[in-house]
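Since every read-out is calculated from the coordinates, none of them should be taken as a lab result. Since we're looking at a predicted model, the values are computed, not measured. Counting neighbours? That spans all protein chains shown, and the Cβs are built from the backbone with ideal geometry, glycine included.
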Amino acid sequence: MAYQESFDIHSRGRGSIEITSEVARVVRASGVAIGLANVFVQHTSCSVVLTENADPSVRRDLETLAARWAPDADPAYQHDQEGDDDMAAHGRNILAGASVSIPVSKGELRLGTWQGIYLWEHRTIPHRRRIVVTVVG
Amino acid sequence: MAYQESFDIHSRGRGSIEITSEVARVVRASGVAIGLANVFVQHTSCSVVLTENADPSVRRDLETLAARWAPDADPAYQHDQEGDDDMAAHGRNILAGASVSIPVSKGELRLGTWQGIYLWEHRTIPHRRRIVVTVVG
Amino acid sequence: MAYQESFDIHSRGRGSIEITSEVARVVRASGVAIGLANVFVQHTSCSVVLTENADPSVRRDLETLAARWAPDADPAYQHDQEGDDDMAAHGRNILAGASVSIPVSKGELRLGTWQGIYLWEHRTIPHRRRIVVTVVG
């Protein structure tokens, strides 16, 4: 049994947007009792991640770390057609990933208490991002 | 067809603990012949990873690298309620991930010869960590 | 419903090789209309990743970044039996991962326009790498 829905998120530029409730709605719509929910973003310059949902300073600190992992405007980059944040965004996408897979139990996402699902935009300007949620069970 | 079991691992603080045999047992109990096994941890300050199972120095060197990727007690962090290792643990969780998905063939995990499944604790003090294994096929 | 095939890729040493068409072929052979395709590599010193498929300079710049994330011949490494690139390869495998899971719609991979699937070899000498593709739906 498999069920799939997609939706768009309009990012406001670099930063993270919680999408847990949108994903939870698709999981309930799927009718799958036990299985896996995969949340996938169809782009190579943003990520879908799980991280702490309580203190927003965690997500600010992740930006601080990401700026070291893949800095903007690095003189070593060859790929900069779309600006100083172009290659930095591709690097962060590789590190943080484009999807997460989450267990489904009793027809609901089986997240830990402090886990939220986030679209993490790595580009500095707003983008429309397509998310595909697939539930198998 | 989907099957799910969860179990707790008591970490001894920062470091990695092999859980391959526990996951293999769940896969056999599932009765799934061909499919996927997802191993998920319900926390944002530790990881589930695949890495080399032969020479323990690999996992010691991964700690050395992780201390550069997301150092403890970085003065740039805003999030430090739970101590010097709090934000470092969230950063390492983003990089190494909270789950792995592994193919299942003939009712068994289809790992490479040198691949083991590890709970990687990023916090310095011991924690109880909840692992959820889901097998679909 | 689940379907699985494996194939070998002969890497030419460090660098990335596109495998999108091989994976798409397996997805079509599976007969799965809606579901997930998991692409898994049975090794701990290379990765399977999604990244931009248009400008090859993205993948050159990823090598530049990876050389900072997990440098060759770092004097801090204890694990170096197979050479200066041994531990660097294990570190990059942890960061970039060993598998990707991609939605399947209408019997095809549902990738974004600019997303390609790559085997990313982290070792400097050529290796034969075993890829397992599992499609569930």
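Per-structure values
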quantity: Search result, residues across segment C:91-137 that are buried (at least 20 other Cβ atoms within 10 Å of the Cβ), within 23 Å of residue C:44 (Cα to Cα) and of a type in the set (Lys, Arg); calculated: C:92, C:123, C:129
quantity: Scope segment B:119-137; condition within 13 Å of the chain's Cα centre (by Cα) and at the interface with chain C (Cβ under 10 Å from one of its Cβ atoms); matching residues; calculated: B:120
quantity: Test: residue in segment C:48-58 that is buried (at least 21 other Cβ atoms within 10 Å of the Cβ), of a type outside the set (Val, Ile, Thr) and in contact with an Asp or Glu (Cβ under 9 Å, 6 or more places away or on another chain); calculated: no
quantity: Breaking point among (1) without any contact (Cβ under 8 Å) to a residue 40 or more places away in the chain; (2) more than 7 Å from every other protein chain (Cβ to nearest Cβ); (3) not aromatic (Phe, Trp, Tyr), for residue B:112; calculated: (2)
quantity: Residue ID - farthest from the chain's Cα centre (by Cα), chosen from residues in segment C:10-37 that are surrounded by fewer than 17 Cβ atoms within 10 Å (Cβ to Cβ) and within 14 Å of chain B (Cβ to nearest Cβ); calculated: C:31
quantity: Residue under evaluation residue A:89, criteria (1) in a helix (DSSP H, G or I); (2) touching a residue at least 40 places away in the same chain (Cβ under 8 Å); (3) within 12 Å of chain B (Cβ to nearest Cβ), criterion not met; calculated: (3)
quantity: Residue that is without any contact (Cβ under 8 Å) to a residue 24 or more places away in the chain and either away from chain B (no Cβ under 13 Å) or assigned to a strand (DSSP E or B) (or both), where the choices are C:61, C:74; calculated: C:61
quantity: Hits in segment C:38-57 - residues which are within 11 Å of chain B (Cβ to nearest Cβ), part of a loop (DSSP other than H, G, I, E, B) and either more than 20 Å from residue C:128 (Cα to Cα) or not β-branched (Val, Ile, Thr) (or both); calculated: C:42, C:43, C:45
quantity: Enumeration of residues in segment C:1-37 that are in a strand (DSSP E or B) and under 12 Å from residue C:127 (Cα atoms); calculated: C:8, C:9, C:10, C:15
quantity: Lone unmet requirement of (1) in contact (Cβ under 8 Å) with a residue 24 or more places away in the chain; (2) within 7 Å of another protein chain (Cβ to nearest Cβ); (3) among the aliphatic types (A, V, I, L, M) for residue B:104; calculated: (2)
quantity: Failed criterion for residue C:84 (all others in (1) away from every other protein chain (no Cβ under 11 Å); (2) outside any loop (DSSP other than H, G, I, E, B) hold); calculated: (2)
quantity: Test set (1) in a loop (DSSP other than H, G, I, E, B); (2) on the phi < 0 side of the Ramachandran plot - residue B:118 fails condition number; calculated: (1)
quantity: Cross-chain or 6+ apart pairs with Cβ under 9 Å, segment C:19-30 first and in contact (Cβ under 8 Å) with a residue 60 or more places away in the chain, then acidic (Asp, Glu) and surrounded by fewer than 17 Cβ atoms within 10 Å (Cβ to Cβ); calculated: C:24/C:108; C:26/C:5; C:27/C:108; C:28/C:108; C:30/C:5
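Every residue, every condition in (1) in contact (Cβ under 8 Å) with a residue 24 or more places away in the chain; (2) under 30 Å from residue B:75 (Cβ atoms), yes or no:
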| site | (1), (2) |
| --- | --- |
| A:6 | yes, no |
| A:13 | yes, yes |
| A:46 | yes, yes |
| A:53 | yes, yes |
| A:66 | yes, yes |
| A:78 | no, no |
